[in-house]
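Structure, as structure tokens:
Every read-out reported here was derived from the displayed coordinates using simple, explicitly stated rules and does not represent laboratory data. All values derive from a computational prediction rather than experimental measurement. Please note: Cβ atoms are built from the backbone with ideal geometry, for glycine as well, and neighbour counts cover all protein chains shown.
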Amino acid sequence: MNRREALELLITLPILAGCGGGYRSFAVKEEGDILIVDIANFPNAGIATVRSKRHAFPIYVFRESSGTFSAFLGECTHKGCELQLEGSVMACPCHGSEFAANGRVLAGPATKNLLQFRTTALKDILHIHLS
Ligand code: FES
């Protein structure tokens, strides 16, 4: 196994495929501070969760119908519970905060928006910048 292969982290990636489309799984690589996602495996518009070695919480990845991506850490900004996806809303099971697909607070007690990661789409590859 070479260094690149050693750095490669294969992660099961559940995809919520739009309207009731169920889940799909595919591999994600992590190289340095970048998660690498093959866009071909992503639905036209939808939500996926990926995991990184750097974070204990999932990262929610949103693809809009325009093809743009956004990614947020699934850690509630109130007291740090793991968010759960309810439709296109990220909801906190601890005290009820809700966050929109753009990471903004929809309902408290959280007052701070979610941590957003910069994303870069390069041809068929999406980079999620973890730092
Ligand atoms: S930890 Fe999420 S609302 Fe309190």
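For K79, a cut-off of 21 angstrom between C-alpha atoms picks up these lysines, skipping any fewer than 8 places away in its own chain: K112.
In sequence order, the range 32-38 has phi-based couplings of x, 9, 10, 8, 10, 10, 6 Hz under the Karplus curve 6.51 cos²θ - 1.76 cosθ + 1.60, θ = phi - 60°, and Gly or Pro positions carry x. For the range 62-72, backbone phi angles converted through the Karplus equation (6.51, -1.76, 1.60; θ = phi - 60°) give residue-by-residue couplings of 10, 10, 7, 4, 6, x, 7, 10, 9, 9, 9 Hz, Gly and Pro being listed as x. The HN-Hα couplings worked out from phi for the range 88-97 by the Karplus form 6.51 cos²θ - 1.76 cosθ + 1.60 (θ = phi - 60°) are 9, 9, 9, 10, 9, x, 7, 9, x, 5 Hz, whole numbers, x standing for Gly and Pro. Amide H contacts for N113 (H built 1.01 Å from N in the peptide plane; partners 5 or more residues away or on another chain; cut-off under 5 Å): V105. Straight-line reach from K123: taking Cα to Cα under 23 Å and skipping same-chain neighbours fewer than 8 places apart, the lysines in range are K29.
When L130, L73 are arranged by Cβ crowding within 10 Å, least crowded first, meaning fewest neighbours, the order is L130, L73.
The distance between label points at D38 and L122 comes to 1.7 nm (points 7 Å beyond Cα on the Cα→Cβ vector).
As a footprinting exposure proxy, order R51, R104 by other Cβ within 10 Å, with the fewest listed first.
Working: R51 18, R104 12.
Fewest-to-most ranking of R51, R104: R104, R51.
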